[in-house]
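Have a look at the structure below before the remarks.
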Amino acid sequence: MRRLVWPLPAILTWLAAWVLFRLLAGALALWPAAAAAAVFGLACSLWGSNWWRRVCIGLGFPLSFLLLAPGQLGVYLPAWSWLLPLAVLLLLYPVNAWRDAPVFPTPLDALQPLSQYAQLPPGAQILDAGCGAGDGLLALRLAYPLAQLQGVEWSWPLFALCAWRCPWARVRRGDIWLEDWSQYDMVYLFQRPESMTRAQLKGAELRPGAWLVSLEFAAEHLRPTAQFTAPDGRMVRLYQAPLLAL
């Protein structure tokens, strides 16, 4: 299932859990059948490549079952109520951003040693590509307090929240893959594994000496110039342009 494009592993697990539930419900009581299907979903969650995917896979069936079993709980939801969380999800995470990472907050202390490996002059231009709610910009500010920080985010709510949290940065709503990376001294990413190939190709725009920095996920076909371990155990990899292939 790891080879499937996300979120297919989660969707297939949820569907399989519901099929199992329907099969068992004919022979068992409602709640034992649901418990068995939930255990199946939790077992399948081990195929998730990281913690948040495992949570999504494992909790999909239990949550949907609780919402779809109103008679057992004495709660009755109108059919249109299902559109509300969908609308919120689409607003927060638009369709054309599905290939990118969801909300991945950067720990505040994750990038503190960064300036020891990539020295930048005062006023250097740094881009947080996919800045989300602004956690990456806050971490970058600790590492480079004299830099000119910018963030680009496609989601309207996250863009507005980031601009409010980081008034000292230039935050814009836009597509990180259409942004011109050649104007920056450093581009920071906290994407997902499937996005790193695209980031590697986009990194060809960086001018010589500029840096591409990725938290946790590696560009598999590039040789890191440097790397270090963040306090929470995740790896931070630095690639200096011109990027070197393995």
Which pairs have Cβ atoms under 9 Å, sit 6 or more apart or on different chains, and link a residue in region 10-37 that is farther than 26 Å from R53 by Cα to one that is part of a loop (DSSP other than H, G, I, E, B)?
L30/A69
With the condition kept exactly as written, say whether any residue in region 149-160 is at pLDDT 90 or above, out of contact with any Ser or Thr (no Cβ under 7 Å at 6 or more places or on another chain), part of a strand (DSSP E or B) and surrounded by fewer than 16 Cβ atoms within 10 Å (Cβ to Cβ).
no
I need the full set of residues from region 229-246 which are surrounded by 15 or more Cβ atoms within 10 Å (Cβ to Cβ) and in contact (Cβ under 8 Å) with a residue 40 or more places away in the chain, in order please.
A230, V236, L238, Q240, L243
Is it fair to say Y93 is loosely packed, with under 11 Cβ neighbours inside 10 Å, at pLDDT below 70 and among the aromatic types (F, W, Y)?
no
Sole miss for R192 among (1) in contact (Cβ under 8 Å) with a residue 24 or more places away in the chain; (2) of a type in the set (K, R); (3) surrounded by 14 or more Cβ atoms within 10 Å (Cβ to Cβ); (4) farther than 15 Å from T106 by Cβ is condition (4)
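Evaluate the following for P242: is it farther than 18 Å from A118 by Cα, assigned to a loop (DSSP other than H, G, I, E, B) and modelled with pLDDT of 90 or more?
No.
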Residue pairs qualifying under the 6 Å Cβ cut-off, at least six apart or on distinct chains, with the first in region 50-72 being closer than 30 Å to L215 by Cα and the second being at pLDDT below 80, are R54/G48; I57/G48
With the checklist (1) surrounded by fewer than 22 Cβ atoms within 10 Å (Cβ to Cβ); (2) over 17 Å from the mean Cα position of the chain (by Cα) in hand, flag the one item V171 doesn't pass.
(1)
Take the conditions at pLDDT below 80, assigned to a helix (DSSP H, G or I), surrounded by 13 or more Cβ atoms within 10 Å (Cβ to Cβ) and over 16 Å from the mean Cα position of the chain (by Cα) and apply them to L67. Does it pass?
yes
Restrict the check to region 179-187 and report whether at least one residue is in contact with a Ser or Thr (Cβ under 9 Å, 6 or more places away or on another chain), crowded, with 19+ Cβ neighbours inside 10 Å and not aliphatic (A, V, I, L, M).
no
Is it fair to say G203 is modelled with pLDDT of 90 or more and at positive phi?
no
L120 vs. criteria closer than 26 Å to R207 by Cβ and either in contact with a Gly (Cβ under 8 Å, 6 or more places away or on another chain) or not in a helix (DSSP H, G or I) (or both)
yes
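The values are calculated or read from the model by the stated rules, or taken from the named source; none is laboratory data. Every value quoted in this text rests on a predicted model; they were computed, and no experiment measured them. Reconstructed Cβ throughout: ideal geometry from the backbone, glycine too, with neighbour counts over all protein chains shown.
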